[in-house]
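See structure below.
The values are calculated or read from the model by the stated rules, or taken from the named source; none is laboratory data. None of these values were measured; they are calculated from a predicted model. All Cβ positions, glycine included, derive from the backbone under ideal geometry; neighbour counts span all protein chains shown. For accessibility, only protein heavy atoms count, side chains too; no ligands or nucleic acids. Shrake-Rupley method; radii C 1.70, N 1.55, O 1.52, S 1.80 Å.
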Amino acid sequence: MKVKWYNPSFTYARRPFSIIIYVVKVLLVQPPIEDFYDTPIRTYPLALLYLATKIQPIADISILDFRTNRKPKVLRHHPFRELEHYYREGTSTPLSFFARYYRFGCDYNEMKNEMRRRTPDVVAVSSLFTTYSLEALEVAQCAKEVSPEIVTVMGGTHPTLFPEHVLKSPYVDYVIRGEGETPFFRLVAALEQGGAACAGEIEGVCSKSGPDLHISGIHVENNIDLIPDRKLVNPGDYRIGKKNYTFFLTSRGCPFHCAFCGRPPVPYRRRSLKSIEQEISQCLDANIQAVDFEDDMLTLDPGYFRQVLKLFHGTGLTLSAMNGIYAGGMDAATLDDMFAAGFRRLNFSLVDASQSVTEKQGRPCGPDFLSLLPFLESSPFLTEVHFIIGLPDQRPEDVINTIIFLMGKRVLLGPSLFYLAPNSTIFSQIVGDAWEPNIKSMRSSAMVPANSDLPRKSLYTFIKLVRFINLVKNVIDQGDGIETLNDLINNQRFTRISWSHEIIRVLLTEKRLVYYDGEHGNFLPEPHDPELLKLFFQRAKGTAIRGFKTMNTLAID
Ligand code: B12
Ligand code: SF4
């Protein structure tokens, strides 16, 4: 690394001479990703802000988000040929899912040009996901191609879990394992003082010497009250609707061990209320209008959570917790406080309506969510309930029961297709160490079955079914006076467009899924399991679907 001498043009009061220090130029990067979809309302680079805030006193820093606010580019060639049968371009359906594979963010040349322009000494990349870790490695490769003298550092969940995978790349010099603030600060300080040789001795920093990799343990921060400086990014780049949003953490870690979860093993800790209060005020100064809590376990301690909520009263901030709310210990009073603090839309994590399925996953659950439901249904909240489809040991009947249960409540259904989360118990049982060739499959859009009772076509059928139910909920909310599911066939929402009408008719009368091929003007069968659809309609007979925004219902005849 070249040393850059820098005269900060100030003198210390007690030292009447100008001091010369050099400052390392650090570029903190959020990499692009490639997938069938992205979630653009949740890419706030909070980890990079924590790191930047920590090293700001000793480095010249900038944050470069190569992912957000860029037009996605369609990638014609993608690694999921087996899914072409499911995700088809050129077809139409009111129950649409994925069709194209995209790159969300800059391409290689754009990244390289940007790095060339910024002449960094250190490029530090956030690699949060194993499945997108190759895209993160590309950023390091760009940096080394711009100049081999650029020091490249990688941190985040993936390098924390699989440091060897990252460090063995010729483009990566250092890996930080665990919470990065202190190890990264120490690494930058060591580099600044020319002490790269001792960098490997810093806790949490992994380094290499020729083919030898030095792997450190996972670092856990003692103090989690650091307030990220949100002015380091443009608040207008991160929007939910018309509001500038930010991610916010009131705690770190989680005490549970759900078998499907891939989070690194860091203990649960809560922040001080004082620091949260200061952070809220800084958010308001930074022109933030919406706060999305991304804690792993926001509501673990309802008493503490209610104290946190009080700090938001009167701020005018819109609150959400899109990572999911755990209902354990919550009651109607907590919901009232949430409303008063600024929550309007709630995302609950249910896993499965069956307690035994959920408990098998190691997730503690009780009657809490069920007891909250009557309050939720009569409250002004809009509630989305997330559940998982495709868990090992889950039977198709369990999924059907969950769908039937939730469709009868005033909630939106939030299905998550099960994926093998690296580091999770299920991952270790099914994949073990031989995971690298399947790196791209560790995402829900890959629809990899982990349960022989729920093959890919069943997973796809369930997703389509849930899309149908949410669509029906939308129609119910319009209050068109439809009383039974079969009345839908003649609802003008579908009769207006003849192909849409036909797709709904086939589903309701023949219990089959088809889509419309506009180019040839015909209907093609979708890959699906008609037996599952039949079973669903049989079991659902005599039950009802309730709206999402209204209590209007529609009977299943
Ligand atoms: C927000 C979030 C998202 C956002 C995107 C966030 C982003 N910026 O890209 C969204 C909703 C889009 C998302 C999607 C997915 N996610 Co997600 N997501 C999270 C979540 C809940 C919080 C991440 C966060 O910002 N935390 C706050 C920051 C401050 O903490 P942190 O990231 O851990 O950062 C610290 C350290 O890791 C480290 N660090 C981080 N970056 C860097 C960089 C450097 C240079 C250094 C030195 C250190 C460092 O220092 C930081 C400060 O201490 C995590 C859960 C978790 N606990 O991490 C899951 C998590 C990262 N997601 C995960 C997964 C798998 C996914 C999906 C791929 C799942 C799927 N459905 O297929 C999807 C992809 C969907 C899509 N295409 O949109 C897994 C990753 C596991 C793994 N090994 O791959 C996690 C860990 C969830 C879990 N419990 O299993 N996710
Ligand atoms: S899924 Fe959520 S509750 Fe379960 S261990 Fe992971 S973070 Fe904790």
Which whole-Hz couplings ³J(HN,Hα) result when phi for each residue of the stretch 477-493 is put into the Karplus expression 6.51 cos²θ - 1.76 cosθ + 1.60, θ = phi - 60°, listed in order with x for Gly and Pro?
-> 5, 6, x, 7, x, 7, 10, 10, 4, 5, 4, 4, 4, 9, 6, 5, 4
Express in whole angstrom the spacing between the alpha-carbon centres of the stretch 515-557 and the stretch 442-493.
-> 6
Full extension between Glu502 and Asn113 adds, at 0.36 nm per residue less the Cα distance, a length in nm of 135.0 nm
Which of Tyr86, Asn109, Leu64, positive extreme of dipole for the stretch 58-151 (C-beta unit charges) = Tyr86
Quick one: which residues, 5 or more positions from Val29 or on another chain, have an amide H under 5 Å from its amide H? H modelled 1.01 Å from N in the peptide plane, none for Pro or chain starts.
-> Leu64, Ala124, Val125, Ser126
Solitary cysteines of the chain, where the nearest other Cys Cβ is not under 4.7 Å = Cys106, Cys142, Cys198, Cys206, Cys254, Cys283, Cys365
With N residues in the chain, what two-decimal value do you get for its Cα radius of gyration over 2.2 N^0.38 Å?
-> 1.05
Accessible carbon and sulfur surface of the stretch 230-455 relative to its total accessible area, %, 1.4 Å = 52
Once amide hydrogens are built 1.01 Å from N within the peptide plane, the residues lying 5 or more places from Ala327 or on another chain with amide H under 5 Å from its amide H are Ser349
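What number comes out for accessible area per residue over the chain if the probe is 1.4 Å? Units Å², please.
Result: 43 Å² of accessible area for each residue.
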In deg cm²/dmol, rounded to 500, what helix-only [θ] at 222 nm does the chain give when every DSSP H run of at least 4 residues adds -39500 (n - 2.57) and the total is split over its residues?
-> -9000 deg cm²/dmol
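Would you mind getting me the FRET efficiency between Ser416 and Ile58? Use the beta-carbon distance for r and R0 = 45 Å, nearest 0.05.
Numbers: r = 41 Å, r/R0 = 0.91.
E(calc), rounded to 0.05, equals 0.65.
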Please compute the Cα-Cα pair-distance distribution of the stretch 408-540 with 10 Å bins starting at 0, giving whole percents from short to long.
-> 10, 33, 30, 17, 8, 1
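Any chance you could count the Lys pairs in the stretch 230-455 whose alpha carbons are under 23 Å apart, treating pairs 8 or more apart or on different chains as valid?
Numbers: Lys231/Lys242; Lys231/Lys243; Lys231/Lys274; Lys243/Lys310; Lys274/Lys310.
Step by step, the pairs that qualify in the stretch 230-455 add up to 5.
Based on the Cα gyration tensor of the stretch 379-436, what are the three equivalent ellipsoid semi-axes, each the root of five times an eigenvalue, rounded to whole Å and given largest first? Provide the component values of the computation, followed by the final result.
On the way: eigenvalues 179, 39, 9 Å².
Each semi-axis is √(5λ); the values are 30, 14, 7 Å.
Which order do you get for Cys142, Cys365 if you rank them by accessible area with a 1.4 Å probe, largest at the top? Don't skip to the answer; put the middle values down first.
On the way: Cys142 0, Cys365 45 Å².
The ranking, largest first, comes out as Cys365, Cys142.
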Length released on extending from Lys73 to Leu535, taking residue separation times 0.36 nm less the Cα-Cα span | 162.4 nm
Unit charges at the beta carbon, dipole of the stretch 88-235: most positive-side option, Ile176, Pro235, Asn223 | Pro235
Can you pull the one-decimal nm distance between simple spin-label points at Asp477 and Glu510, each 7 Å off the Cα toward Cβ?
-> 3.1
Using a 1.4 angstrom probe and counting only protein chains, how large is the accessible area of Phe523 in Å², to 10?
-> 80
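Tell me whether the stretch 138-190 comes out rounded, prolate or oblate; compute the Cα gyration tensor, take square roots of the eigenvalues as a ≥ b ≥ c, and use a/c under 1.5 as the rounded threshold. List each step's numbers first, then the result.
Working: a/c = 2.40, a/b = 1.26, b/c = 1.91.
It comes out oblate by the Cα gyration axes.
With charges set only on the Cβ (+1 for Lys and Arg, -1 for Asp and Glu), what does the dipole of the chain come to about its Cα centre, in debye to the nearest 20?
Values: 62 positive and 62 negative charges, 203 e Å.
Here the size comes out at about 980 debye.
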Compute the separation of the alpha-carbon centres of the stretch 494-512 and the stretch 145-188 and state it in Å as a whole number.
-> 53
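Would you please give the FRET efficiency between Lys360 and Ser275, computed as 1/(1 + (r/R0)^6) with r the Cβ-Cβ distance and R0 = 35 Å, to the nearest 0.05?
With R0 = 35 Å, the Cβ-Cβ based efficiency is 0.40.
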For the stretch 30-37, in residue order, the Karplus 3J(HN,Hα) values (coefficients 6.51, -1.76, 1.60; θ = phi - 60°; whole Hz; Gly and Pro = x) are 9, x, x, 10, 10, 6, 6, 7
Simple label model, 7 Å out from Cα along Cβ direction - Arg344 to His85, nm | 4.4
Tell me, what are the semi-axes, in whole angstrom and largest first, of the equivalent ellipsoid of the stretch 230-455 as set by the roots of 5 times the Cα gyration tensor eigenvalues?
-> 31, 22, 16
Rg (Å, one decimal) plus Dmax (Å, integer) for the alpha carbons of the stretch 306-427?
-> 15.3, 46
Computed lengthening from Thr543 to Glu377, 0.36 nm per intervening residue step minus Cα-Cα distance = 58.0 nm
Largest-first ranking of Arg70, Arg118 by accessible area, probe 1.4 Å, whole protein assembly kept, is Arg70, Arg118
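Counting DSSP beta bridges with both partners in the chain, what percentage is antiparallel, nearest 5? It would help to have the intermediate numbers written out before the result.
Working: 26 of 67 bridges.
So the antiparallel bridges in the chain amount to around 40 percent.
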If each part is reduced to its alpha-carbon centroid, the stretch 375-429 and the stretch 278-292 end up apart, in Å, by 32
Label His257 and Asp331 with points 7 Å out from Cα along Cα→Cβ: what is the distance between them in nm?
-> 3.1
Considering the dipole of the stretch 175-303 built from charges on the beta carbon (Lys and Arg +1, Asp and Glu -1) around the Cα centre, which of Leu273, Leu298, His214 is farthest to its positive end?
-> Leu298
Per residue convex hull volume, Cα atoms of the stretch 433-479, in Å³ = 83
